[in-house]
Amino acid sequence: MLSPAIEQKLNDHLNLEFASAHLYLSMSAYFESQNLSGLARWMFVQYQEEIGHTMKFFKFINDRDGRVELSDVPKPEHQWEGPLDVFKSTLSHERMISNAINGLVRSALEANDYATHSFLQWFVNEQVEEEATAAGILGKLELLGDSRQGLYLLDQELGQRSVTAEET
Ligand code: FEO
């Protein structure tokens, strides 16, 4: 059984993951508009992952006899200056999500809610990967500079991404 305070915080985070999905879908649409279909594919898989994260919260709240409450999804950004700008936004977004997860972990411990604390450990580890992946792609884009050929090759590489069962 969830306390009302933890139930609220879990719902807040569920809605944040849902908003993340919308942001990445918007980035995917932006890349499509730039004829960067590999980057668009990568962001579409990222969108699917965020839906998977949302559903992990959905299931956990229900499993603990809580009540899922969806909120409005804010309109995501839809225009960027280029791939570098998109991945700067991605990294800073993921850092914000990591901070939110850390706050949730703290709240779970303060409430002696060990089941929620245990559930959140998957997300603690996932955020390390999320930040590292975004930082890695950002680093590559910085190395490429203005190289169109380099961007073409990176687009090919990132277009190979597929969603893993663990994420959904
Ligand atoms: Fe669900 Fe990318 O954090």
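Within segment 20-37, the residues that satisfy the criterion of being more than 10 Å from the ligand (Cβ to nearest atom) and small (Gly, Ala, Ser) are 26, 28, 29, 33, 37.
Quick one: in segment 113-168, which of the residues that are acidic (Asp, Glu) and out of contact with any helix residue (DSSP H, G or I) (no Cβ under 9 Å at 6 or more places or on another chain) is modelled with the highest pLDDT? Ranking the qualifying residues of segment 113-168, first place goes to 129. Might you let me know whether segment 25-40 holds any residue that is closer than 17 Å to residue 123 by Cα and at pLDDT 95 or above? No, because not a single residue in segment 25-40 is closer than 17 Å to residue 123 by Cα and at pLDDT 95 or above.
Residues in segment 95-125 that are surrounded by fewer than 19 Cβ atoms within 10 Å (Cβ to Cβ) and charged (D, E, K, R) were compared, and the one that is nearest to the ligand (Cβ to nearest atom) is 95.
Cβ-Cβ under 6 Å, sequence separation 6+ or interchain: first residue in segment 42-68 and near the ligand (Cβ under 10 Å from one of its atoms), partner modelled with pLDDT under 95 and not hydroxyl-bearing (Ser, Thr, Tyr). Which pairs? What qualifies is 49/167; 52/167. Is there a residue being buried (at least 18 other Cβ atoms within 10 Å of the Cβ), closer than 24 Å to residue 118 by Cα and not polar (S, T, N, Q) anywhere in segment 37-49? Within segment 37-49, one or more residues are buried (at least 18 other Cβ atoms within 10 Å of the Cβ), closer than 24 Å to residue 118 by Cα and not polar (S, T, N, Q).
The values are calculated or read from the model by the stated rules, or taken from the named source; none is laboratory data. These numbers come from a predicted model, not from an experiment. Because the Cβ atoms are built from the backbone with ideal geometry, glycine has one as well, and the counts that use them run over all protein chains shown.
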